[in-house]
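Peer 1: Quick one: the structure is below, questions incoming.
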Amino acid sequence: MLHLNRRSIIQSASLLTSALWAGVVHPARAAEAPLPARARLNVTENPFGPSPAARTAIAGCVPLAPYYVEDEHLLRDRIGQQENLEREKVALSNGSLDALSLLSTDIGRAGHILAPQPTYATHLNYAQRRGVAIRYVPLSAHAIDLQAMRRAITPQTALVYICNPNNPTGHMLRHQELLAFCRDVSKTVPVIVDEAYFELLPDANGMTVAPLVHSGHDVIVARTFSKVYGLAGLRIGYILAQPPRVRQLYSLTTTSRNQAGFAAAVASLGDRHYLDGAIAYLKNCRQMIYDICEKNGLSYLRSHGTFVYVNTGRPARLMEQALAQHNIDIRVFDAPAYQTWIRVGTATPAELAMFGHALPLALKEVPKT
């Protein structure tokens with residue numbers, strides 16, 4: 001069996017992407033490609049890759065590599081136009097993680113941060129390392145329980161964090177309920193809504209909470225080009241927030257944007273043709289994971305993200321170790337009610353094929369709980 005490293009697979013995926021754009025290759029057929037040496041399913045990336053326009057922009061900015069990005073206003077204005085917001089309500093970030101980490105720490109130090117569990121917590125762990133207390137509210141039927149979140153707010157709550165769709169469950173909150181929650185809570189406590197995967201929602205433009213920023217609420221919307229836009233390696237993201245929050249973020253940042261990420265983001269933003277292709281690709285990859293789960297008799301949650309949450313019926317940490325022995329990396333979240341669940345990312349179809357081969361072996365190696 002010929003084995004390739006991940007870089008070779010990604011390069012092959014780049015060639016596959018060109019064929020996909022030409023409409024001649026179905027993503028699932030890539031499962032027939034040689035398996036990689038290791039399947040990195042512990043992250044949430046989009047191997048469909050950058051749009052053709054972004055690729056051209058990246059190549060075109062090489063002569064600018066010796067220089068810092070001189071003017072961020074172009075991208076901020078483009079985002080503002082798309083969201084009907086003034087530039088003063090848009091801030092750029094190195095991916096959305098920097099903004100989430102810095103703002104969570106700075107705002108959260110006034111008390112504690114309230115968040116659901118399980119949820120994306122890299123920035124929360126960062127804030128905790130900086131001395132900020134985190135309070136978690138368990139999910140209810142795999143969904144963020146907004147009423148329980150509301151009841152958990154105390155005078156010491158400095159910040160509320162919501163990820164929609166939630167990571168790792170992929171669950172989408174009812175839009176009107178989320179709007180009502182944010183509208184009410186933000187009167188006394190700022191709310192961060194992490195929309196890293198919002199392009200994958202059934203009606204993205206109609207299901208964002210960005211209009212609350214337009215109407216003056218203390219809601220911070222975090223977005224990224226790392227996921228659906230396929231630019232994880234170029235580290236570019238942004239927030240939509242009230243001007244004082246934008247100034248707060250910029251007072252905390254120490255780096256400027258990179259030329260390639262800036263150019264790619266400008267070229268990508270709002271490219272509907274590209275988004276349709278990327279979303280179709282990711283949905284096909286998600287379906288591959290669903291099929292693998294069903295073949296192995298495992299339950300899972302249907303997802304609106306670039307990942308699927310899977311109940312293995314076995315201790316998740318042991319499954320993580322067993323899959324690693326078969327060169328499969330997955331992610332486990334710390335949540336008392338989800339001790340048998342693993343998150344599987346939408347990697348290349350070849351990597352997912354490798355997961356499909358290794359999963360039944362790992363299931364045999366780890367006893368059920």
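Peer 1: So for the chain, taking the charge dipole from beta-carbon charges (+1 Lys/Arg, -1 Asp/Glu), which of Pro244, Gly345, Leu178 sits furthest toward the positive end?
Peer 2: Of the candidates, Gly345 comes out farthest on the positive side.
Peer 1: How big is the dipole moment of the chain about its Cα centre under a simple scheme where the beta carbon of each Lys and Arg is +1, that of each Asp and Glu is -1, and everything else is neutral? Debye, nearest 20, please. Walk me through the numbers on the way to the answer.
Peer 2: On the way: 36 positive and 28 negative charges, 142 e Å.
My answer is approximately 680 debye.
Peer 1: Would you please classify the overall shape of the stretch 103-249 from the alpha carbon gyration tensor, given that a ≥ b ≥ c denote the square roots of the eigenvalues, rounded means a/c under 1.5, and beyond that prolate means a/b larger than b/c while oblate covers the rest?
Peer 2: Numbers: a/c = 1.24, a/b = 1.14, b/c = 1.09.
Since a/c stays below 1.5, the shape of the stretch 103-249 is classed as rounded.
Peer 1: Which whole-number percent gives the relative contact order of the chain, counting Cα pairs below 8 Å spaced six or more residues apart? Please list the in-between numbers first.
Peer 2: Working: 713 pairs, mean separation 93.1, N = 369.
It comes to 25 percent, rounded to a whole number.
Peer 1: Note down the nm distance, to one decimal, between modelled labels 7 Å out along Cα→Cβ at Asp203 and at Asp77.
Peer 2: With each label placed 7 Å out from Cα toward Cβ, I get 3.2 nm.
Peer 1: Just the accessible area per residue of the chain, please: how many Å² with a 1.4 Å probe? Spell out each step's value before the answer.
Peer 2: On the way: 15720 Å² over 369 residues.
Heavy-atom accessible area per residue stands at 43 Å².
Peer 1: Round to a whole number: what % of the accessible area of the stretch 77-125 belongs to carbon and sulfur, probe 1.4 Å?
Peer 2: In the stretch 77-125, the share of accessible area belonging to carbon and sulfur is 40 percent.
Peer 1: Another question about this same structure. Hey, got the Cα dimensions of the stretch 295-353 along the principal axes, in Å, largest first?
Peer 2: Largest first, the stretch 295-353 extends 32, 29, 22 Å along its Cα principal axes.
Peer 1: Continuing with the same structure: Going by the alpha-carbon gyration tensor, a ≥ b ≥ c the square roots of its eigenvalues, is the stretch 213-299 rounded (a/c under 1.5) or, if a/c is not under 1.5, prolate (a/b greater than b/c) versus oblate? Mind showing how you got there, number by number?
Peer 2: On the way: a/c = 2.40, a/b = 1.83, b/c = 1.32.
Taking the square roots of the gyration eigenvalues as a ≥ b ≥ c, the stretch 213-299 is prolate.
Peer 1: Just to verify a number: what accessible area does Thr188 come out at with the full protein assembly present, 1.4 Å probe, Å² rounded to tens?
Peer 2: Taking all protein chains as shown, Thr188 has close to 120 Å².
Peer 1: Return the long-range amide H neighbours of Tyr300 (sequence gap of 5 or more, or a different chain), with a cut-off of under 5 Å between placed amide H atoms.
Peer 2: For Tyr300, the qualifying residues are Asn311.
Peer 1: Within the P(r) computed for the stretch 266-306, what percentage of the Cα pairs occupies the region above 12 Å? List each step's numbers first, then the result.
Peer 2: Working: 533 of 820 pairs.
The calculated P(r) of the stretch 266-306 puts 65 percent of pairs beyond 12 Å.
Peer 1: Let me ask something additional. Kirkwood Rh over alpha-carbon pairs of the stretch 77-186, then Stokes-Einstein at 25 °C and 0.890 mPa s: what D in µm² s⁻¹, rounded to an integer? Could you put the intermediate results ahead of the total?
Peer 2: Numbers: Rh = 14.9 Å.
Calculated translational D: 164 µm²/s.
Peer 1: Here is a further query. With a 1.4 Å probe and all protein chains kept in place, how much accessible area does Glu86 have, in Å² rounded to the nearest 10?
Peer 2: In the full protein context, Glu86 sits at about 90 Å².
Peer 1: What order do Asp194, Asp77 take when sorted by accessible area (1.4 Å probe), most exposed first?
Peer 2: Asp77, Asp194
Peer 1: So if I restrict to the alpha-carbon atoms in the chain, what is the Rg, and what is Dmax, the biggest pairwise distance, in Å?
Peer 2: 20.5, 61
Peer 1: Does the stretch 254-369 come out rounded, prolate or oblate, given a ≥ b ≥ c as the square roots of the eigenvalues of its C-alpha gyration tensor, rounded meaning a/c under 1.5 and, failing that, prolate meaning a/b above b/c? Each step should come with its number before you reach the end.
Peer 2: Working: a/c = 2.40, a/b = 1.86, b/c = 1.29.
It comes out prolate by the Cα gyration axes.
Peer 1: Okay, next question. Counting only protein heavy atoms and using a 1.4 Å probe, what share of the accessible area of the stretch 167-258 belongs to carbon plus sulfur, as a whole percent?
Peer 2: Numbers: 1710 of 3250 Å².
Here it works out to 52 percent.
Peer 1: Using a Förster distance of 30 Å, how high is the FRET efficiency between Thr255 and Ala280, based on the Cβ-Cβ distance and rounded to 0.05? Intermediate results must be reported in sequence, preceding the final value.
Peer 2: On the way: r = 34 Å, r/R0 = 1.15.
Efficiency computed from Cβ-Cβ geometry: 0.30.
Peer 1: Still on this structure, please answer the following. Which percentage, to the nearest 5, of the DSSP beta bridges contained in the chain is antiparallel? Show your work: numbers first, answer last.
Peer 2: Numbers: 18 of 38 bridges.
Antiparallel bridges make up about 45 percent of those DSSP assigns within the chain.
Peer 1: Using the basic label-point model (7 angstrom from Cα toward the beta carbon), what is the Asp271 to Ala141 distance in nanometres?
Peer 2: Between Asp271 and Ala141, the simple spin-label model gives 4.0 nm.
Peer 1: If you don't mind, there's one more thing I want to ask. Please report, ordered by residue number, every helix of the chain (full DSSP H runs) that is 27 Å or longer along its axis going by C-alpha atoms and whose mean Kyte-Doolittle hydropathy reaches -0.5.
Peer 2: Working: long enough: 272-295 (34 Å, -0.43).
Qualifying helices: 272-295.
Peer 1: Can you figure out the FRET efficiency of Arg130 with Arg183, using R₀ = 25 Å and their beta-carbon distance, to the nearest 0.05? All intermediate terms of the calculation are to be shown ahead of the outcome.
Peer 2: Values: r = 29 Å, r/R0 = 1.18.
That gives a FRET efficiency of 0.25.
The values are calculated or read from the model by the stated rules, or taken from the named source; none is laboratory data. The model shown is predicted, which means the values in this text are computed figures rather than measured ones. Glycine also receives a Cβ, built like all others from the backbone with ideal geometry; neighbour counts cover every protein chain displayed. The area values use the complete protein model at the heavy-atom level, side chains included, leaving out ligands, DNA and RNA. Shrake-Rupley method; radii C 1.70, N 1.55, O 1.52, S 1.80 Å.
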